[in-house]
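The values are calculated or read from the model by the stated rules, or taken from the named source; none is laboratory data. Just so it is clear, the structure is predicted and the values come from calculations on it, not from any experiment. FYI the Cβ positions are ideal-geometry reconstructions off the backbone, even for glycines, and counts take in every protein chain you see. We work out accessible area using only protein heavy atoms, side chains counted, and drop any ligands, DNA or RNA first. Shrake-Rupley method; radii C 1.70, N 1.55, O 1.52, S 1.80 Å.
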Amino acid sequence: MKKLLGVLLAVAMSWPASATVLKNVEVKGEVQTIASDVRHQLDAAEKEEYNSGAWTRAMAGLSADLVEDVTANFLFQYAYVWGTNNEDNAGFGSGDDQKVKLVNANVVLHNLFCAFDVTVGRQFYGDEDSAVMYFGPNHYNAEVGAYAQAIDAAKLTYADDVKSFTLMAGRIADLAYDDPTNPGNEVKVEESAIYGADFKINVIENLTAQVYGYDVRNAKAIDEDGVVAHEDHVGFYGAKLAANMEAFRASAEYTRNFGGHRLVKEHNPTGHMFKADIAADIKAVTARGTFLYANDDFYAFGNYTPGLLVGHRLGGAIWDYSDDGIRMFNLGFDVKPFEKWTFSLDGFAFQGSRGHHSATWEADLTAKYAHNEYVELFAGIGYAKYGTETRRGNNTSDFTKLAMDRADNVKGQLGMLIKF
């Protein structure tokens, strides 16, 4: 942490002597620590899907107004697994995955042309609970790499009481997706340009409609056999309708993929996803449910991670549940018996989109304690009873049922999240 603070101090001291122009200087960041363990009988490869132990991610940075209507943001991050790099306190810089990394470095122009905000540089993007688009830190997940993802982009936003829209263009790295021209073949993209648009409007009071689209231009696509012929455009577009009333909330979202040598050209079959959520508050209890469907060709950049076991292991790519895609049902309850305590009970059923195999069942009990407005403690225990899965043969319509060689899994998790 000394080195991290030293970096921040160096950044602060690098400003010109006339630093009186700086206003509203804020230190910001978060620290998340998660310890977990999973009891199972899996083979060596599958055991790597679950972590046993503890890791910490620390993020710290500065935000300041440089001049009128111009804000600069810097955020650094460091993540490590407990006990792996603490010899002689030499963890910083000891390997590609064990060093301080710059996760935000951007400038925001406010009230541009008296209407727009423009963010230029490395930044987070999207909503953390989105099933299709998110670059940023994840929380409460012990199975996904601790380093937060970001995007280098220029983003233009506009918002008023009725509507809002976002236009963005940038570059992303370390992208992987399922090749639409050869299902089951994962394509890794070293560097890609991405373009997107998102528009929201309040149709009537408490009812919001949203449409969006994102196009990825692949600079270099590589698989295990070398460079593969990639398509000029790979992306998705969709729409979402959401109702948000005082004691009732509901939403429905539908997204489709495209890919080809021209924009919005679809393959046959085309990847698509449907997600519906509903929730109702009854005094101190919130009852909620979710249905998710995605076929085996769907891909996106989501962060939706349902359940402590299945969803956390997949790290947001929940449609990769099996070679058959996914059909998921969730029923849950949130109870707030005391001001600072929230308990949640969830049941999940995960199955391939075509229903070619029996479901995997999962039950989770989680608790969160708000120590204050900045500090939260959380814990959870989950149990999964695995069904069977399918594997794709040489023919895209040839699926074979295979019993999953797994014992039932039990996972326990403890954590602390501090935001400042």
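Using a probe of 1.4 angstrom, how much of the accessible area of the range 239-339 is carbon and sulfur, in percent?
Solvent-exposed carbon and sulfur of the range 239-339 make up 61 percent of the total.
Treat every Asp and Glu Cβ in the range 278-392 as -1 and every Lys and Arg Cβ as +1, leave all other atoms uncharged, and give the resulting dipole magnitude about the Cα centre to the nearest 20 debye.
It works out to roughly 200 debye.
Quantify how much of the Cα-Cα distance distribution of the range 216-365 extends past 21 Å, in percent.
Result for the distance tail: 54 percent.
Per residue, how large is the accessible surface of the range 204-329? Use a 1.4 angstrom probe and give square angstrom.
Value for the range 204-329: 45 Å² per residue.
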